[in-house]
Amino acid sequence: MDYFRNFLGTQQGGEQPSSAETIERLCHRVQTSSLLEDRRDAVRALKALSKKFRLEVGTQAMDVLTKVLETDRSDVEITGYALDTLFNVMSNEPSEEDEMTSKSSVDLGEQFTEIFIKKQENVTMLISLLEEYDFHIRWPTVRLLTVLLTNRLKDLQECILVIPMAVSKLMDLLVDSREIIRNDALLLLNQLTKGHANIQKIVAFENAFERILDIIVEEGASDGGIVVEDCLLLLLNLLKNNASNQNFFKEGSYIQRISPFLELGSASAPSKQSGWSAQKVTNIHLILQLVRTLVSPSNPQNQTVACQKVMNQCGLLQQLCSILMASGVPADVLTETINTVSEVIRGNQANQEYFASVLAPSNPPRPAIVVLLMSMVNEKQPFVLRCAVLYCFQSFLYKNEVGQSQIIQTLLPTTADVNTITAGQLLCGGLFSTDSLSNWFAAVALLHAVIGRNTNNRGQLLRVQLATSLGNPPVSLLQQCCNILAQGAKLQTRIGLLMLLCTWMADCPIAVNHFLTNSANVSYLISQVSSSEGDELELIVQGLCAFLLGLCMVFNDNQNSSFTKASLKEVIQNRIGEEVFADKLTQVAKNENYTRAAKKPHLNYKHPSEIVFDHEFTKLFKNLENDVLVAVSGEENSGLKATSRREHENLVENYKEVIKEQDQKLNDMSQRVLELQSKHSAATATIDELRSQVQQLKDQNALLKAQKGSQSSNHLQGTPPGGDNVEKFQKEIQMLRFQVAEKDLQIEQLTTSLTTLEASLASQIGDENKENSPSEAAVLQISINRLNMELKDLRVNCDQKDTEISTLRSQLEGSQQDLLQLQNNSSNSQGFLDSRVTEMTEEIRRLSEEKTSLQERLKKSNEENLKLANKIRVLEEEREAEAEDKRSLNEELETLKKEQDDLLVLLADQDGKINKFKQRLKDLGQVVEEDEEEFDDEEEEMGEEA
């Protein structure tokens, strides 16, 4: 700042210049000064002005500072000043003067960033500056790159991606011994890896997982500070929605290193609440999110299963369950832990069995499932916690027929201890509670106990009897659910019970017969479907009632003479009407709540009013909706046709899964062969190199032996031996022999390793029947041939599966044609079909018109875009022409200036000669006239002015 004050004090007249003028003079000084000290002081002055006058400094000094980074890179101080100045110009953090204009401050930083990174060489230069170890260069460079990424993320990511070894140089910052650089490098990498899968993969293969986990351990794991949080956020960036990195994380045995981070120790005790600081809660949350990322239901199934298996083997699941049953755990951490356990056990039989064996530390010990269900049906518990418990219960029963049967058994009468609380008792208590949310939770939980291919559980559930009041006979669970519906319960309760009943009736004729035994049940459904009043939730109830009534037709075996398929169809047509029935049914899938629930199984709700549908129920509704519509529209054998169609679809899906698994196995085997081939090539190259070294050593040894032999002959002939040289040669020979022995040992070890590698390759491919040990090339060729044969077999299997699928599709098409023929033969449904055809024709015509209009609008838009593109091209050509004219004028101006300078030099020489001649005339006694002197004086003045 002393230089800056001195610079301002030298201005003429004592008048202080404006900021723009000052910055302009400083930039000129940086460009023209020949002394490094002057340039350094000018850049330091620009840094001092850069916070307050961002616009002026950024506009005038950006190119100057970039030039400084290129030319004066060897000077640490001026490079650091330039980097700090650029950081101040592009930073989005408003200064004290910019507090009222923070929005414009952000826009300004983005604009300068866009200008700076338009030149790829600027970004390349910053990456190269990271090689400098000096703190005053490396740290400002890291900060500047972070700001550039914050302002223009996508553009800078693409710039960095094309720079060779750029990501490697950024990763090297994580091993910097200075914590401030390492910590800022974490922030930089967090920005760099956002939403860019390729950069995420490169960072991961630069040993990022190992370095990040080492930092987490060094900083205290879950008890660490903000640095641990940054590390965990970076891990989430690298793993989320990136299957390649997730697989690399699993294969690198990094899942095993997560488990110690969840060890709470005494911090979970009630008296140790100080152990749960806000930072610790945040860290635990991020660790749990990291685990969920690896086992998310949206990941590929084979990868999720593999991660679930590792988590059980390394004790991570046990660690999560210990947190689940610990006391003193904050509610939000407990909720996230329940969600994490849910996804670790979802669909994995071994993990589900372990979870079923977990006991809570109570007296007497109770299963963890029972303790969780107690929280779910307790209306005093937080809403998000109850949702998490339901999700955990659903995940426990997902594809778990054994667990479903065990839950159903707890509902049946047993001789167990009456003081023991079972899961069935809790579910029944929640089902008939006064809290509508508990009703919905319990109904959905029971729904998941009977859903799936095992229809035996639905029949077993019919045996459940409930004691309503003293002295009255018990009532079945099915009839009690119907009674609650008829009594006009709350909407949320009715929706939950209707979803349970629909799942119960699906593909279970026995349950349908029990339901139809009470005629009041059918009357209630008909009254609900025929009703024309109600809000959005009432329409959902009416649609579910229509669905339940349709299921009673589809899965009716005509054992109940009062309500056969034909009679139910007649009742629907006469009392409701086919169009009204279809409209009420289709309204369910159009509801926004249905769409939200169908996207993912996790119950991610913020308020109880948002809970309407269950994810698994939406899948059931989607599969059976069309069957119900076909049954009501006149199909006589709709139940048989629907069952046949579902069997065909299930068979096709099974074949697809088998083919998918075979393709995955084939890809894994091919990848393994490629890895073994690369290892074999590397080992062969190493052996060749060692053999060449051994041969060189043998040659040297032979040469030394020859020299020793010639010396011995000279000694015999009387030549005095060089005793010292002989001893030296003998030592060298011994050393060389020792080296040869070491190399031979290394060759033997490598040969052994190569033999083991070949044996492993041969055993994996299945070539174990070879009696004679083939050569390396032969083993590799046999392995490749073996893989090709397996590939051909798999392709033949795939062709066979495709043929079977085609056959099934033809059968399905035949069934559909039969359905259409039966529909055409039915006189009662002819009018309905004609109206539907007319409606569909009208809809197609309307869509065609909309398509035509959209095409015309698109055509007009394209024409306008072409016109604008032509205008832009013309303007760019004019701008280039103007730039060329300006450049030529500048060149002419420079030429004129040079010519003027030459004329001035000639005039000066001429004036000198004239003066000499005048002086000689005076010396010779000649008189010089005054007007000539005045003319000469005027010429001198004009020359000086010029």
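What the table shows:
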item: Peptides ranked, highest mean first, by Cβ atoms within 10 Å: ranges 63-69, 352-358; result: 63-69, 352-358
item: Extension reserve of the Glu899-Glu210 stretch, reckoned as 0.36 nm per residue once the Cα distance is removed; result: 241.1 nm
item: Cα centroid separation - the range 359-391 against the range 529-556, whole Å; result: 33
item: Exposure of Ser74 as accessible area (Å², to 10), given a probe of 1.4 Å and all protein chains; result: 110
item: Exposure ranking of Glu536, Glu114 by accessible area [1.4 Å probe, largest first]; result: Glu536, Glu114
item: Efficiency of FRET between Gln465 and Ala197 - r from beta-carbon atoms, R0 45 angstrom, step 0.05; result: 0.20
item: Of all accessible heavy-atom area on the range 477-538, the percent that carbon and sulfur account for (1.4 Å); result: 49
item: Residues whose placed amide H lies under 5 Å from that of Arg366, excluding near-sequence neighbours; result: Ala360
item: The range 220-374: C-alpha gyration tensor shape, a/c 1.5 cut-off, then a/b vs b/c; result: oblate
item: Accessible area per residue, Å², the range 502-641 with all protein chains present, probe 1.4 Å; result: 42
item: Length released on extending from Gln919 to Ser18, taking residue separation times 0.36 nm less the Cα-Cα span; result: 319.1 nm
item: Where labels lie 7 Å past Cα in the beta-carbon direction, separation of Phe383 and Val305 in nm; result: 3.8
item: Heavy-atom surface of the range 198-348, accessible at 1.4 Å and reported per residue (Å²); result: 36
item: Spacing of the two label points (7 Å from each Cα toward its C-beta) at Arg73 and Val162, in nm; result: 2.0
item: Exposure of Phe205 as accessible area (Å², to 10), given a probe of 1.4 Å and all protein chains; result: 130
item: Heavy-atom surface of the range 376-496, accessible at 1.4 Å and reported per residue (Å²); result: 43
item: Length gained when the stretch Asp911-Ile421 is fully extended (0.36 nm per residue, less Cα-Cα span); result: 164.3 nm
item: Part-to-part distance (alpha-carbon centres) for the range 170-248 and the range 450-499, which is given in Å; result: 53
item: Cα shape, the range 125-258, gyration tensor, a/c 1.5 rule; result: oblate
item: Centroid-to-centroid separation of the range 587-631 and the range 280-319 [C-alpha atoms, Å]; result: 27
item: Long-range HN-HN contacts of Ser476 with modeled amide H, under 5 Å; result: Leu466
item: With all protein chains modelled, accessible area of Met374 [1.4 Å, Å²]; result: 70
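The values are calculated or read from the model by the stated rules, or taken from the named source; none is laboratory data. Predicted model only: the values in this text are computed from it and were never measured. As a convention, Cβ positions derive from the backbone with ideal geometry for all residues, glycine included, and neighbour counts pool all protein chains shown. Surface areas here come from the heavy atoms of the whole protein model, side chains and all, with no ligands, DNA or RNA. Shrake-Rupley method; radii C 1.70, N 1.55, O 1.52, S 1.80 Å.
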